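The values are calculated or read from the model by the stated rules, or taken from the named source; none is laboratory data. The structure presented is a predicted model; accordingly, all values stated were derived computationally and were not measured. Heavy atoms of the whole protein, side chains included, go into the accessibility calculation; ligands, DNA and RNA do not. Shrake-Rupley method; radii C 1.70, N 1.55, O 1.52, S 1.80 Å.
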Amino acid sequence: FKLSLNSFDEHHVLSNVVLVTLIDQSQLVSLNKMRSDFVAHASHELRTPLTSLDGFIQTLLGVGVEDPQLQKKFLEIMQLQVARMIRLTNGLLTLSRVERDEYQLITQKTNLRTVLGQALEEMSIKMDLANITFEYNDITEHQDAFIYADPDQLFQIFHNLLENAMRYAPLGKGKVGKVICDFYFSDNDVKWPGAGWVVAISDNGPGIDKQHIPRLTERFYRADDKNGGTGLGLSIVKHLITRHRGSLAIESTKGQGSSFLVWFPTIDTSLSEVSL
Ligand code: ADP
């Protein structure tokens with residue numbers, strides 16, 4: 001630093017120092033604001049089901065509800081609120097873990113097809129129980145589909161997307177819910193940064209209005225308040241994909257359904273090496 005004092009006049013150097021400090025401060029301020037916004041938003045999201053629970057408990061304890069049918073109805077609504085709070089706290093914990101820098105990804109050479117298979121196995125049972133038709137098309141020509149990944153985090157990406165597809169598919173009016181998962185290799189699609197593996201999870205649910213699509217991966221963002229969701233699943237997905245140097249594309253037609261496409265780069269982009 002002393003060296004630069006020789007080449008600049010003192011005022012110049014000082015104004016540079018002041019500028020550097022200002023940038024630093026403004027980053028700190030926006031980071032602090034982001035944190036307090038996050039806490040405010042999280043508290044608000046938790047307060048809504050808590051207030052509702054409080055209301056039901058007061059009614060049950062206070063005026064009392066004689067009708068056992070009505071009591072059961074109240075308890076069922078309360079159970080839904082508790083389930084939502086559990087989803088919220090689980091989502092918040094995962095999100096803060098994912099966002100924390102010290103949370104390291106343990107990457108290893110991972111067969112994408114194997115991890116996808118595990119997520120599909122778990123979800124296909126659930127879809128079966130929920131009467132949702134499920135289809136899987138593996139159209140990759142390559143035996144092995146290796147990427148550098150943390151298998152647990154990879155699983156979480158597919159799990160969240162499949163769970164969303166399953167939750168939203170039956171909401172398409174008058175239709176039988178259907179979820180399709182396509183797995184393929186993309187050579188030169190301009191949609192992606194290069195050659196890589198693509199997992200596309202599609203449903204015939206209600207679809208999403210165009211204006212919402214760019215904001216869906218923001219924390220707490222929900223296109224529709226009525227679905228009882230937390231707005232955290234896709235922000236977790238987006239984070240995890242980015243940390244794997246992957247890419248996410250969302251395509252949707254209102255009234256017809258949605259597709260969530262995830263792209264991952266191949267190892268060394270050399271297929272022969274990958275299949276060794
Ligand atoms: P959640 O579903 O819990 O609200 P997400 O972050 O997973 O949170 O999704 C954010 C929003 O994106 C949802 O509230 C919903 O409006 C929309 N969305 C996500 N997946 C789908 C889907 N498969 N079909 C229609 N809308 C979806």
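Along its three principal directions, the equivalent ellipsoid of region 53-182 from the Cα gyration tensor extends over semi-axes of 39, 23, 9 Å, largest first.
Solvent-accessible surface (1.4 Å probe) assigned to residue 168 amounts to roughly 60 Å². Let me test this: with uniform point scatterers at the alpha carbons of region 146-206, what is the Debye-based log₁₀ I(q)/I(0) at q = 0.23, 0.24, 0.27 1/Å? Taking Cα atoms of region 146-206 as identical point scatterers yields -0.96, -0.99, -1.07. Of all DSSP beta bridges confined to region 128-276, the antiparallel ones make up roughly 80%.
Both the radius of gyration and Dmax for region 182-238 are 14.0, 40 Å, in that order, over alpha-carbon atoms. When all protein chains stay in place and ligands, DNA and RNA are ignored, the 1.4 Å accessible-area order of 121, 218, largest first, is 121, 218. Based only on the alpha carbon positions, what is the Kirkwood hydrodynamic radius of region 33-110, in angstrom? The Cα-based Kirkwood calculation yields 15.3 Å. Placing 115, 63 in order of accessible area, with the largest value first and a 1.4 Å probe, yields 63, 115.
Accessible-area rank, largest first, for 146, 264: 146, 264, with all protein chains present and a 1.4 angstrom probe. Normalised by 2.2 N^0.38 Å, where N is the number of residues, the alpha-carbon radius of gyration of region 205-267 equals 1.17.
Close amide-amide hydrogen proximity is noted between residue 136 and 181, each under 5 Å apart and 5 or more residues distant or on a separate chain (H modeled in the peptide plane; Pro and chain starts excluded). Size descriptors for region 147-270 (Cα atoms only): Rg and Dmax, in that order, 14.5, 47 Å. Rolling a 1.4 Å probe across all protein chains gives residue 97 an accessible area of roughly 100 Å².
Using a Cα-Cα cut-off of under 25 Å, which lysines could be cross-linked to residue 210, ignoring same-chain neighbours fewer than 8 residues away? Once the sequence-local lysines are set aside, what remains near residue 210 is 173, 175, 178, 191, 226, 238, 254.
Backbone geometry of region 155-164 corresponds, through the Karplus equation with coefficients 6.51, -1.76 and 1.60 at θ = phi - 60°, to 3J(HN,Hα) couplings of 4, 4, 4, 5, 4, 4, 5, 5, 5, 4 Hz, x marking Gly and Pro. Each 5 Å bin, from zero up to the one with the longest distance, holds this percent of the alpha carbon pairs of region 97-145: 4, 15, 17, 15, 16, 14, 13, 5, 0.
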